[in-house]
Amino acid sequence: RAKEDGRQRYNFYTPDQEAHFIEQTSIELLLQNCLDDNLLVIYYQPIICLKTGKIIGTEALLRMIDYDNNLISPDQFISLAEETGAIVNIGNWCIHNACKQLAQWRETINRDMVLSINVSSRQLQSIHFLKQLNDSIAAWDIDPSKLIIEITESLLMHDNHTNKEVLQSIDKLGCKIAIDDFGTGFSSLSYLMKFPIKILKIDRSFIRDCQTNPANKALIGGILSLSQNLSLEVIAEGIETTDQFDFILQSNCELAQGFLFSKPMDADLLTSRWEELEQACITEFMQSEHAY
Ligand code: C2E
Ligand code: MG
Ligand code: MG
Ligand code: MG
């Protein structure tokens, strides 16, 4: 209650603001303790080759588990982790453990797969980033060409020296750089020339109504022909329906991810379901009239 003289003031939150405030505070606490208390877990979503129906690799997608065993999605903690700087250590943990899993799959599934990892700008700009990436690669004897580093368009907007140098070093190391959520950010295409980009990931908002929305259809076609001319690979994100799958096949896109093929899941579950998922993809694929 604010006193009349105004010296002692309290902030009154609306119930919504209060809930938000509590949530932020508890997530911040979880972020502070997640490494010590083992609260992080990586889910993996298969990336499918549309020419063969096979799983060529996975994208690592981070989750946090609170003390009541609730799974917290990255949308709820990544941006806060970026603000506080916690993303630097968390991101390093993620790269290290995802590389470890990749090495394990090399033994258990007995096939070389790619691993795609999301890296936020604050993490990329950390002075330790390249060394940590190198360390993880060395620790698990990873072939760098199997690693994809996903960045966002907003990072390229800041055409600063650090970004350019780090991206060039990642490229020199042999890892591939992908632009995540391509098409949703800054729309200058000149950065495709300025930076060593190898892969574009078409955002799922364009996939969602690609059959009904002519603009999205044109945009996807545009991205695919652009990437063909620039020798870039394309991954279509968020394929949920067979119609979307057909459309993307018909558009000659080679790689895709989406709930139609598989949701992200923890490594053990994915390992146990690997063959079944792959068989289902191949079946889906054979049923399509547009299969290669
Ligand atoms: P993203 O990198 O664009 O990842 C794709 C998101 O779309 C994932 O959400 C995935 O579960 C979801 N998705 C995949 N297929 C489908 C589909 O068919 N339908 C629908 N509706 N959704 C689909 P998720 O796992 O919640 O991750 C959200 C975002 O959090 C990621 O978007 C990424 O930007 C960020 N993120 C996740 N893990 C990390 C990480 O380790 N580091 C950083 N910096 N960011 C991360
Ligand atoms: Mg991603
Ligand atoms: Mg994305
Ligand atoms: Mg994203």
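The values are calculated or read from the model by the stated rules, or taken from the named source; none is laboratory data. It should be emphasised that the depicted structure is a prediction, and the values quoted were computed from it without experimental measurement. A quick note on method: Cβ atoms are made from the backbone with ideal geometry, for glycine too, and the neighbour counts reach across all protein chains shown.
Looking only at segment 242-260, filter to residues that are of a type in the set (S, T, N, Q) and within 9 Å of ligand 1 (Cβ to nearest atom); which one of those is modelled with the highest pLDDT? If you could, list the steps in order and put the result at the bottom.
Of the residues in segment 242-260, the ones of a type in the set (S, T, N, Q) are 242, 244, 250-252, 257.
This time we only want the ones that are within 9 Å of ligand 1 (Cβ to nearest atom), so: 244, 257.
Details: Q244: 93, Q257: 97.
It comes out as Q257.
Can you tell me which of V88, V119 is closer than 24 Å to G174 by Cβ, within 16 Å of ligand 2 (Cβ to nearest atom) and of a type outside the set (K, R)?
Only one candidate qualifies: V119.
Per-residue answers, yes or no, for (1) hydroxyl-bearing (S, T, Y); (2) surrounded by fewer than 15 Cβ atoms within 10 Å (Cβ to Cβ):
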position	(1), (2)
K194	no, yes
S227	yes, no
E254	no, no
S262	yes, no
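Report yes if N118 is surrounded by fewer than 14 Cβ atoms within 10 Å (Cβ to Cβ) and polar (S, T, N, Q), otherwise no. Explain how you work it out, then say what you get.
Values: surrounded by fewer than 14 Cβ atoms within 10 Å (Cβ to Cβ): no; polar (S, T, N, Q): yes.
No, not satisfied.
Out of everything in segment 95-134 that is in contact with a strand residue (DSSP E or B) (Cβ under 9 Å, 6 or more places away or on another chain) and of a type in the set (S, T, Y), what residue ends up being farthest from L147 (Cα to Cα)?
S121
Can you pull out the residues in segment 57-94 that are under 18 Å from L147 (Cβ atoms) and polar (S, T, N, Q)?
Once the filter is applied, which keeps residues that are under 18 Å from L147 (Cβ atoms) and polar (S, T, N, Q), segment 57-94 yields T58, N92.
What helices (runs of 4 or more DSSP H) completely inside segment 104-214 contain at least 1 residues that are in contact (Cβ under 8 Å) with a residue 40 or more places away in the chain and either touching a Cys at 6+ places or on another chain (Cβ under 6 Å) or of a type in the set (D, E) (or both)?
Working: elements: 121-124, 129-139, 153-157, 161-173, 191-194, 204-208.
Answer list for segment 104-214: 129-139.
Across segment 140-166, which residue is modelled with the highest pLDDT among those that are within 15 Å of ligand 1 (Cβ to nearest atom) and among the hydroxyl-bearing types (S, T, Y)?
T152
Could you list, in sequence order, the residues of segment 42-78 that are aliphatic (A, V, I, L, M) and not in a strand (DSSP E or B)?
Of the residues in segment 42-78, the ones aliphatic (A, V, I, L, M) are 42, 47-48, 50, 55-56, 60-62, 64-65, 71-72, 78.
Of everything in segment 42-78, those that are aliphatic (A, V, I, L, M) and not in a strand (DSSP E or B) turn out to be L50, I78.
Of all residues in segment 239-258, how many are within 16 Å of ligand 2 (Cβ to nearest atom) and closer than 18 Å to L115 by Cα? Walk me through it before giving the result.
Let us first name the residues in segment 239-258 that are within 16 Å of ligand 2 (Cβ to nearest atom), namely 239, 255-258.
From what's left, closer than 18 Å to L115 by Cα: 255-258.
Here the count works out to 4.
Determine if segment 261-268 includes at least one residue that is polar (S, T, N, Q), touching a residue at least 60 places away in the same chain (Cβ under 8 Å) and within 15 Å of ligand 1 (Cβ to nearest atom). Outline the logic, then answer.
Going through segment 261-268, the residues polar (S, T, N, Q) turn out to be 262.
Restricting the remaining residues to those that are touching a residue at least 60 places away in the same chain (Cβ under 8 Å) gives 262.
From the residues that got through so far, the ones that are within 15 Å of ligand 1 (Cβ to nearest atom) too are 262.
The answer is yes, given that some residue of segment 261-268 is polar (S, T, N, Q), touching a residue at least 60 places away in the same chain (Cβ under 8 Å) and within 15 Å of ligand 1 (Cβ to nearest atom).
Could you check segment 155-188 and list, in sequence order, the residues that are within 16 Å of ligand 2 (Cβ to nearest atom) and either over 28 Å from S205 (Cα atoms) or loosely packed, with under 13 Cβ neighbours inside 10 Å (or both)? Outline the logic, then answer.
If we filter segment 155-188 for residues that are within 16 Å of ligand 2 (Cβ to nearest atom), which is where we start, we get 155-156, 170, 175-185.
Answer for segment 155-188, where residues must be within 16 Å of ligand 2 (Cβ to nearest atom) and either over 28 Å from S205 (Cα atoms) or loosely packed, with under 13 Cβ neighbours inside 10 Å (or both): just I170.
Here is a check on your reading of the model: is A178 within 16 Å of ligand 3 (Cβ to nearest atom), out of contact with any helix residue (DSSP H, G or I) (no Cβ under 7 Å at 6 or more places or on another chain) and either over 30 Å from E240 (Cβ atoms) or among the small types (G, A, S) (or both)? Talk me through it step by step, then tell me what you get.
On the way: within 16 Å of ligand 3 (Cβ to nearest atom): yes; out of contact with any helix residue (DSSP H, G or I) (no Cβ under 7 Å at 6 or more places or on another chain): yes; either over 30 Å from E240 (Cβ atoms) or among the small types (G, A, S) (or both): yes.
Yes; evaluated as a whole, the condition is true for this residue.
Output the number of the condition that S169 fails; it satisfies all remaining conditions of (1) at pLDDT below 95; (2) more than 13 Å from ligand 1 (Cβ to nearest atom).
(1)
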